[in-house]
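Read the structure below first, then the notes.
Bear in mind these aren't lab numbers, they're just calculated from the coordinates by the rules spelled out. Since this is a predicted model, take the numbers as computed values, not measurements. Glycine gets a Cβ as well: all are built from the backbone with ideal geometry, and neighbour counts include every protein chain shown.
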């Protein structure tokens, strides 16, 4: 019995020393991209609720009653810089809600930019949960290594497809992580005799693209296939 008690005490101490919270941190993220980032850094130590569907434009989204309740329950909201409703969160969900805007410019699907945003998130999670700092920093380090390998892999794939130096026309909405409909692009592609490629800034926007890495892979696959098809048309 004494040995069992010592084992239980040791297990409890190790849990505290490793920074494992008794329950996962309950967080709310405006987009699936932020959710992916929080999960990459927080792992099993965070539980994330996402407000905006991945196929929607976050710049035009407005809060629903259920969203307000979810934000109030978690008490922590992570956002980008462009969601219009975030400035009103305090008055509708309660002043106790902590809002963290991740001010990293550029498109977060670019590996280097995603890592910059991850560094911001790791610092904030360490502030919210100081006992988990070692875990968040470890996950950040692993993410850096993953993005280096992934970037090299996808750059090679695009080169093999002949993508470098291929002229493109793209929606300006893609750069600041917004999204727009496909009708204008499809019509323009028909007039130019070009390939029309639909891309998504948010994991889950296409089938089987949960998580940042899968979303990026699918976008690269679509671009590579379009480049190959266009080159074949000219042969």
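Some points to look at:
- Taking 30, 209, 131 and counting other C-beta atoms within 10 Å, the order from fewest to most: 131, 209, 30
- Distance between the range 122-143 and the range 40-89 - C-alpha centres, whole angstrom: 21
- Taking a ≥ b ≥ c as the square roots of the eigenvalues of the Cα gyration tensor, an a/c ratio of 1.5 or more together with a/b no larger than b/c marks the range 21-151 as oblate.
- Cubic angstrom per residue, convex hull over Cα atoms of the range 100-235: 118
- The order of 27, 199, 145, 188, going from fewest to most other C-beta atoms within 10 Å of their C-beta, is 145, 188, 199, 27.
- Rounded to the nearest 10 degrees, the angle from helix 65-74 to the longest Cα principal axis of the chain is 50 degrees.
- Difference of contour (0.36 nm per residue) and Cα-Cα distance, residue 233 to residue 131: 30.9 nm
- Top of 200, 32, 126 by mean-square fluctuation, Gaussian network on the chain, Cα under 10 Å: 126
- Angle between the chain longest axis and helix 183-192 axis [Cα atoms, degrees, rounded to 10]: 30
- For the range 168-234, the fraction of alpha-carbon pairs in successive 10 Å shells from zero, as %: 20, 49, 29, 3
- Normalised by 2.2 N^0.38 Å, with N the number of residues, the alpha-carbon radius of gyration of the chain equals 1.20.
- Nearest-ten-degree value, helix 111-128 long axis tilted from longest Cα axis of the chain: 20
- In the distance distribution for the range 67-119, Cα-Cα pairs more than 12 Å apart total 65 percent.
- Ranked list, fewest to most other Cβ atoms within 10 Å of each Cβ, for 136, 100: 100, 136
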